[in-house]
Amino acid sequence: MPLLPVRAETSVLRIGLTPVFLDDQLSFLTRWRLWLERRLKRPVAFVQRGNYREVLDLVRGGKIDFAWVCGYPYVRYRHELRLVAVPLWRGRPYYQSYIIVPADDGHSSSLPDLRGKVFSYSDPDSNSGYLYPQYRLTTLGENPTTFFSRNFFTWGHRKVVEAVGVGLADGGAVDGYVWETLAETHPALTRSTRVIERSPEFGHPPFVARPDMPAVELQRFRAVLVDMPADAEGAELLHLLRLDGFVAGAPALFDGIARMAAKVRST
């Protein structure tokens, strides 16, 4: 599967992604790319990067056309980005942040119980994996920078689950959609952790477009995503992602994330 460099031909539709949690992601992304090419009738390339910041910089700079990003960077730069589509998980365009601990930790029951412990974040531009626990501690009157004895980034939600499960961290913040999907596909992995807190619901990480994306191209790409459940192979790809589909969505879905970000910035 061609994971093209950023300097690609203008005829190629470039889609930015961060690492997914599937074991055989190369096979999956090859199938998805070929399916998109058939539906869009043009070449498609996935441009993968290791964190949200790199993907965000590429789409903001117009070096890629679309990107699947988190709601946190979307609300920070939504005056530059164009909302394309929002995933449907369990029939709704929402997900939660989970605070997890090792399964053999029988004492911790919420985030405040992890004072002085080692904590694992996923990505500094992640809503569920960073912003929410920062906001939660702020609302408790705590200083997030000194609350834990040590914290570190894993640069992936699955890696947070792995770090907590093997005891590298006493707790962690993870995308609830990823945790629940791993619970179906890799139950031994999530069985080594325990969820002690679930956040309110937030808008699911969206697809966005570069600032100067022509409206007709944006609408065409959106339509292909929204129509995935109606196509047999599209529905199978969605099943592998444990998603029900995509909807156009609205910026208001991410207002809760924007309020959290403003609160954290002001403290």
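Some notes on this structure:
- Apportionment of accessible area to carbon and sulfur, the chain, percent (1.4 Å): 51
- Candidates Ile257, Ile15, Ile196: whichever shows maximal mean-square fluctuation once the chain is modelled as a Gaussian network with Cα springs under 10 Å: Ile196
- Karplus-derived 3J(HN,Hα), 6.51/-1.76/1.60, for each residue of the range 67-84, Hz, glycine and proline x: 8, 9, 10, 8, x, 5, x, 4, 6, 6, 10, 5, 6, 9, 9, 10, 6, 9
- 18 Å Cα-Cα reach of Lys117 towards aspartates and glutamates, excluding residues that sit fewer than 8 places from it in its own chain: Asp104, Asp105, Glu142, Glu162, Asp170, Glu197
- Extending 7 Å from the Cα toward the beta-carbon at both Gln48 and Arg31 defines two label points whose distance is 1.6 nm.
- Listed candidates (1) 25, 21, 17; (2) 55, 21, 14; (3) 32, 20, 16 - label of the one calculated as semi-axes √(5λ) of the Cα gyration tensor in Å: (3)
- In this calculation the C-beta distance from Thr267 to Gln219 is compared with R0 = 45 Å, giving a FRET efficiency of 0.65.
- Net charge, Leu237 excluded, C-beta distance under 10 Å - Lys, Arg +1, Asp, Glu -1: -2
- Residue-averaged [θ]222 nm for the chain, counting only DSSP H segments that reach four residues, each worth -39500 (n - 2.57): -11000 deg cm²/dmol
- Trypsin sites (Lys or Arg not before Pro) within the range 31-113, DSSP loop, no more than 10 other Cβ atoms inside 10 Å: Lys41
- Given charges at Cβ of Lys, Arg, Asp, Glu: the chain dipole, positive-most of Leu137, Gln96, Trp68: Trp68
- The chain, dipole about Cα centre (Lys/Arg Cβ +1, Asp/Glu Cβ -1), debye to the nearest 20: 640
- For the chain, the solvent-accessible area of protein heavy atoms averages 43 Å² per residue (probe radius 1.4 Å; ligands and nucleic acids excluded).
- Highest-fluctuation residue, Val69, Val55, Val166 considered, GNM on the chain with Cα pairs under 10 Å: Val166
- On the beta carbon distance between Ser110 and Glu80, with R0 = 51 Å, the FRET formula returns roughly 0.90.
- Between the amide H of Val247 and those of Val86, Leu88, distances stay under 5 Å, these residues lying 5 or more places away or on another chain, with hydrogens modeled in the peptide plane.
- The range 158-174 and the range 113-128 have Cα centres separated by 9 Å.
- Relative contact order of the range 134-267, defined on C-alpha pairs under 8 angstrom at six or more residues apart (%): 22
- About its Cα centre, the dipole of the range 164-219 is roughly 180 debye, where the only charges are +1 on Lys and Arg Cβ and -1 on Asp and Glu Cβ.
The values are calculated or read from the model by the stated rules, or taken from the named source; none is laboratory data. It should be emphasised that the depicted structure is a prediction, and the values quoted were computed from it without experimental measurement. Reconstructed Cβ throughout: ideal geometry from the backbone, glycine too, with neighbour counts over all protein chains shown. The accessibility values were calculated without ligands, DNA or RNA, using every heavy atom of the protein model including side chains. Shrake-Rupley method; radii C 1.70, N 1.55, O 1.52, S 1.80 Å.
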